[in-house]
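Below is one structure, written out as structure tokens; the observations come after it.
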Amino acid sequence: MFEAWDAVVLARAQFAFTMSFHIVFPAFSIGLASYLAVLEALWLWTGREVFINLFNYWLKIFAIAFGMGVVSGIVMSYQFGTNWSAFSDRAGPVIGPLMAYEVLTAFFLEAGFLGVMLFGLERVGHRLHFFATLMVATGTLISAFWILSANSWMQTPAGYAVNADGQFVAADWLKVIFNPSFPYRLVHMVLAAYLTTALVVGAVGAFHLLRDSHQAGPRVMFSMAMWMATLVAPIQILAGDQHGLNTLEHQPTKIMAMEGHFQSHPHGAPLILFGLPDQAAGEVKYAIEVPMLGSLILKHSIDAPLAGLDTVPRENWPPVPITFWSFRIMVGMGFLMVGLGLFSLWSRWRGTLYQSRLLHMFAMAMGPAGFIAVLAGWITTETGRQPFTVYGLLRTVESASPLAAPAVASSLIGFVIVYFIVYAAGLTYLFRLMASAPHHGEQGPSADLPARAAGITPAAGAATQGSAR
Amino acid sequence: MTALFDIATIWAFIIAFAVFVYVVMDGFDLGLGLLFPLFPNKADRDVIMNSVAPVWDGNETWLVLGGGGMMAAFPLAYAVLMPALYTPMVAMLIGLIFRGVAFEFRWRTTQSQRNRWDIAFAGGSLLATLAQGIALGAMLQGVHVEGRHYAGGWWDWLTPFSILTGLALVVGYALLGATWLVLKTEGELRDKAYRLSWALLFAMLGAIGAVSIATPFLHIHYTQRWFTWPNIILTAPVPIAVAGVTVLLLRSLANKLDTQPFFLSLALFALSYAGLGISMYPYIVPQSITIWQAASPENSQVFMLFGVAVLVPLILGYTAWAYWVFRGKVRPGSGYH
């Protein structure tokens, strides 16, 4: 079986599949770890019970999401060797140290303090516990720093030389780490993580407000989440625009694919809103376009010339339809987020933030929008840099392991089956936790079974779901 | 061969250290999964899980350091070994997924479903352990290398020797798990762990013996390394020390000294591991690629060495603190979960 399949295509499918399932968890836990740190800080500062209730409520959710991120992340770290061994051999001397630093500065920090954060509040005292929470939150951000540096180097390689064995070696580590696209990518991704988390928190808050708009916990979390959407979504659009200009400078082909610019436009390029890119024909069919707007956005001048894919050899074209569409999905989500932020600001000003059913339903519908945007953005940037793994220098087909197609097909099927089982279960448990409202006397993961079963809180009835553990 | 302590050698020791810390730390918590079927009682299982829940994630991070560090410091070895060990590696990853999520999932379900995650925990631990042991054996017996690539098939790893090392590791991790329970539990659970430790210790000695006898037959290099003069001056102390540790371990089990069996089992692992190191050195892919051939350019290794020198002591410090916070016996119902 599978002998006729292309082993490289299978390996790419496997990487895309395992990566897509992995990336949503770090995106969520980066934001959630920071949110937990803020909640605990507010609790220590004000002493208000609602903050510790919210902290414990989201901590249980964090524990599950983090665990799923860890196990799917270990897969990623080994996949470079198992499926992309030629890449590992040639780029390992540059990429490897960045990832080693991620492990040393971030993964250990998160893992070392996670146990105390989850289970140690009574054991170590409030201040030390808050320190542990801060370390976990810091760890998630340091992790983002290194892995995005590594990814950015593959997109915009800098500070390197090539040795006699054909390996990339670092000539200047600072230039490697702070390569041209890294600052933009880092800001864009961390903001995306914060927005993703805010939208989930907001959706959960809205869900409970729809049922009872007087609950303290849901009110606080909904209000905090809507502030995030109001303030960060517009900043994210600006950051995305800057990231796009950076991409135009260093990876113009990717922009051509994102914009569907098959043809060069010497006197100002249009902005193609929608259409059907046809890779083989080299044109966008049924295009709906706004004249000159493409040049205005990308060059900040309406008649600036823009080169198209017709200036690039066909063997260097990325898959245009995927890049084109995933980019539009991401941008669409971004504008919806701005819309939610503005709507909530208006409701807040009118004093109906906790009563507006329309706002709450909109916020609930937007719960998954961050994940969709992260995935779509990731697909845009990763397909847009094809057919290279190290942009312009190492082709994807030259990066793969010398494996037979049946081996890769078997592992791909294995991962698909396992991920569907594990993720179905994980999502079920996450939804179950989110479906019960945070209540008075909310317990963290440290609460033991007997205390819960005995129902020590007045709201024990509402905690039925939790006490099943 | 260059100077005795050139940077590639230092890195070989660092990677060996990371893998060893992984083996003993995740070893005992994988071992708990292996022993799970022997403890059908739900209360016992809760205690077993709670004894490791706060630290398992840190334990597994050493595996990521071992893999990531190898890619960074010895990219050629990483690029050759991972495809050669493709099937065991994928099996290990899948096993680790099932057992890793079980830590949280088993508390989030109803009774009958929880049992399902208990099975996932035990099954995943067994799969991961077998795969790691098989990978070790497959590496020791050597892989087919051409140029800078693995050139064998995807079932080359499967031999009687790799099955032997797979089973040996199952026995070894189970011993670590059992002695960990002796350390962390009390009452009937601890008594049962003592009985298991006895049986597993003898099984472990059998496994060490079997692997030690089989290894020299793999390659003439191993025979020469262990049994020729003057190497034997350096190699003979290993089996002698194994005998010594075994005596101490038997005594600690007989006298029910709760803290000692676990650490003596770790010593047994350390000695077996040193034995492996003696067999392999200076190869990182046995009989094909030495650590110098596989080494990253010096500036990559130096760049990371700064980080390792500063950060690893720090990591060991706060990891020790985390263990200290959760020190002592775990009692039923007073768990962290």
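What follows draws every value from the coordinates through simple rules; no lab data is involved. Because the structure is a prediction, the values reported are computed rather than measured. Backbone-built Cβ (ideal geometry, glycine too); neighbour counts: all protein chains shown.
Exposure proxy check: A:Thr380, A:Thr428, B:Thr290 ranked by fewest other beta carbons within 10 Å?
Details: A:Thr380 25, A:Thr428 14, B:Thr290 18.
If I rank by nearby Cβ atoms, fewest first, I get A:Thr428, B:Thr290, A:Thr380.
Take every pair of alpha-carbon atoms less than 8 Å apart whose residues are at least six positions apart; their mean separation over the length of the stretch B:186-333 yields a relative contact order of 21 percent.
The local environment of B:Asp26, defined by Cβ-Cβ distances under 15 Å, has a net charge of -2 under the rule Lys, Arg +1 and Asp, Glu -1.
If packing is taken as the average number of other Cβ atoms within 10 Å across a peptide's residues, how do A:137-145, A:249-257 rank, most packed first? Don't skip to the answer; put the middle values down first.
Numbers: A:137-145: 20.2, A:249-257: 22.1.
The peptides rank, most packed first, as A:249-257, A:137-145.
In terms of packing, defined here as the mean over residues of other Cβ atoms within 10 angstrom, the peptides A:111-117, A:31-37, A:72-78 line up highest first as A:111-117, A:31-37, A:72-78. Note on A:Lys175: lysines with a C-alpha under 30 Å away, same-chain residues under 8 apart excluded, are A:Lys254, A:Lys299.
The long axis of helix B:75-84 is offset from the longest Cα principal axis of chain B by roughly 60 degrees. Here the Debye sum runs over all C-alpha atoms of chain A as equal scatterers in vacuum, and log10 of I(q)/I(0) at q = 0.09 Å⁻¹ comes out as -0.67.
Residues whose amide H comes within less than 5 Å of that of B:Ile289, counting only those at least five positions distant or on another chain, are B:Ile284 (H built at 1.01 Å from N in the peptide plane). Here the 3J(HN,Hα) profile of the stretch A:284-295, calculated from phi with Karplus coefficients 6.51, -1.76 and 1.60 at θ = phi - 60°, is 9, 7, 6, 5, 9, 9, 10, x, 6, 5, x, 5 Hz, Gly and Pro shown as x. Electrostatic tally near A:Pro291: other residues with Cβ closer than 15 Å to its Cβ, Lys and Arg +1, Asp and Glu -1, net -2.
So what is the relative contact order of chain A, in percent, for Cα pairs below 8 Å that sit 6 or more residues apart?
Once divided by the residue count of chain A, the mean separation gives 22 percent.
Helix B:56-73 axis versus longest C-alpha principal axis of chain B: approximately 10°, rounded to the nearest ten.
Would you order A:Arg348, B:Arg99, A:Arg12, B:Arg251 from fewest to most other beta-carbon atoms within 10 Å of each residue's own beta-carbon? Please list the in-between numbers first.
Numbers: A:Arg348 17, B:Arg99 28, A:Arg12 21, B:Arg251 13.
In order of increasing Cβ crowding within 10 Å: B:Arg251, A:Arg348, A:Arg12, B:Arg99.
Roughly how crowded by other chains is peptide A:143-153, in terms of the mean Cβ count from those chains within 10 Å of each of its Cβ atoms? The partial results should precede the final answer.
Numbers: counts 0, 0, 0, 0, 0, 0, 0, 0, 0, 0, 0.
That average works out to 0.
Just flag the GluC sites (Glu not before Pro) in the stretch A:282-385 sitting in loop per DSSP whose Cβ has no more than 14 other Cβ atoms within 10 Å. The qualifying sites: there are none.
Its DSSP H runs of at least 4 residues, each contributing -39,500 (n - 2.57), put the calculated 222 nm mean residue ellipticity of chain A at -23500 deg cm²/dmol, to the nearest 500.
Exposure proxy check: B:Thr110, A:Thr311 ranked by fewest other beta carbons within 10 Å?
Working: B:Thr110 9, A:Thr311 12.
Going from least to most buried by this count: B:Thr110, A:Thr311.
Over the stretch B:9-325, what is the relative contact order in whole percent, taking alpha-carbon pairs under 8 Å and six or more residues apart? Reported as a whole number, the value is 22 percent.
In peptide A:399-411, how many Cβ atoms from other protein chains are near each Cβ within 10 Å, on average? Each step should come with its number before you reach the end.
Details: counts 0, 1, 8, 9, 6, 3, 0, 1, 7, 3, 0, 4, 8.
Taking all residues of A:399-411 together, the mean is 4.
Hey, what angle do you get for helix A:85-102 against the long axis of chain A, alpha-carbon based, 0 to 90 degrees rounded to 10? Tilt of helix A:85-102: around 40 degrees. The mean number of Cβ atoms from other chains found within 10 Å of a Cβ in peptide A:58-65 is 2, as a whole number.
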